[in-house]
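Chemist: Got a structure here, written out as structure tokens. Questions coming.
The values are calculated or read from the model by the stated rules, or taken from the named source; none is laboratory data. Keep in mind the model is a prediction, meaning the values are calculated, not measured. Backbone-built Cβ (ideal geometry, glycine too); neighbour counts: all protein chains shown. Just so you know, the surface numbers come from the protein's heavy atoms only, side chains and all, with ligands and any DNA or RNA stripped out. Shrake-Rupley method; radii C 1.70, N 1.55, O 1.52, S 1.80 Å.
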Amino acid sequence: MGPITLKQEINIILKASGYKYFYGSGSVETFPYIRYTLGDNYSTRLSNKKGLKNIWYQIDVFSDVPIDVEAEETMLSKIESELEQNGLITTNWLEVISENNTTRYPNYHYFLEVRK
């Protein structure tokens, strides 16, 4: 068996977090939950030969209450910390507020990118 992939590493970290999560699409009816997906997979090419491979995943957190992206001991900080402690590179959390959804209330969507 070859080296562990980035997708596998993220899965292991999210599973250990104890939060509800899935890859791609899933059926979750309560907040908060996590989804992760492939962001991009590309290689540099020189003389029609593949060079350095670049791959990253996006981790999305959905909540029915706002989460402070700067605060410690939040769901976001715990996920980011675990990813970084395992040698992965993360961007900063960003937030999008969705008021056009199937609930009566706003949903809060947080996301970051993860790469090796």
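Chemist: Based on the Cβ-Cβ distance of Ser98 and Glu73, what FRET efficiency does E = 1/(1 + (r/R0)^6) give at R0 = 35 Å, to the nearest 0.05?
Modeler: Working: r = 25 Å, r/R0 = 0.72.
Working from the Cβ atoms, E equals 0.90.
Chemist: Give the accessible surface of segment 6-115 per residue, rounded to a whole number of Å², with probe radius 1.4 Å and ligands, DNA and RNA excluded.
Modeler: Working: 7190 Å² over 110 residues.
That works out to 65 Å² for each residue.
Chemist: What whole number of Å gives the distance from the Cα centroid of segment 73-116 to the Cα centroid of segment 2-36?
Modeler: 12
Chemist: What residue among Tyr33, Tyr57, Tyr105 has the largest mean-square fluctuation in a Gaussian network model of the chain, using Cα springs under 10 Å?
Modeler: Result: Tyr105 has the largest fluctuation of those listed.
Chemist: I've got another one for you. Let me have the relative contact order for segment 1-92, percent, based on Cα pairs under 8 Å that are six or more residues apart. The partial results should precede the final answer.
Modeler: Working: 96 pairs, mean separation 19.1, N = 92.
Computed over segment 1-92, the figure is 21 percent.
Chemist: From the C-alpha coordinates alone, can you work out the Kirkwood hydrodynamic radius of segment 1-74, in Å?
Modeler: So the Kirkwood estimate lands at 14.8 Å.
Chemist: So for the chain, taking the charge dipole from beta-carbon charges (+1 Lys/Arg, -1 Asp/Glu), which of Gly26, Ser77, Asn107 sits furthest toward the positive end?
Modeler: The listed residue farthest towards the positive side: Gly26.
Chemist: Here is a further query. When the helices in the chain are scored as -39500 (n - 2.57) per DSSP H run of 4 or longer and the sum is shared across all residues, what 222 nm value do you end up with, to the nearest 500 deg cm²/dmol? Mind showing how you got there, number by number?
Modeler: On the way: 2 runs with 23 residues, N = 116.
That comes out to -6000 deg cm²/dmol.
Chemist: So, one more: So which lysines pass the test for Lys116, namely a Cα distance under 17 Å, with those fewer than 8 places away in the same chain ruled out?
Modeler: Within the straight-line cut-off, Lys116 pairs with Lys7, Lys53.
Chemist: R0 = 22 Å: FRET efficiency of Thr90 with Lys49, Cβ-based, nearest 0.05?
Modeler: Details: r = 30 Å, r/R0 = 1.38.
Computed FRET efficiency for Thr90 and Lys49 comes out at 0.15.
Chemist: Can you find, among Asn41, Ser63, Ile13, the residue sitting farthest towards the positive end of the charge dipole of segment 6-115, where Lys and Arg contribute +1 and Asp and Glu -1 at Cβ?
Modeler: Asn41
Chemist: Quickly work out the Thr37-to-Ala16 label distance, labels modelled 7 Å from Cα along the C-beta direction, and quote it in nm with one decimal.
Modeler: Calculated label separation equals 2.7 nm.
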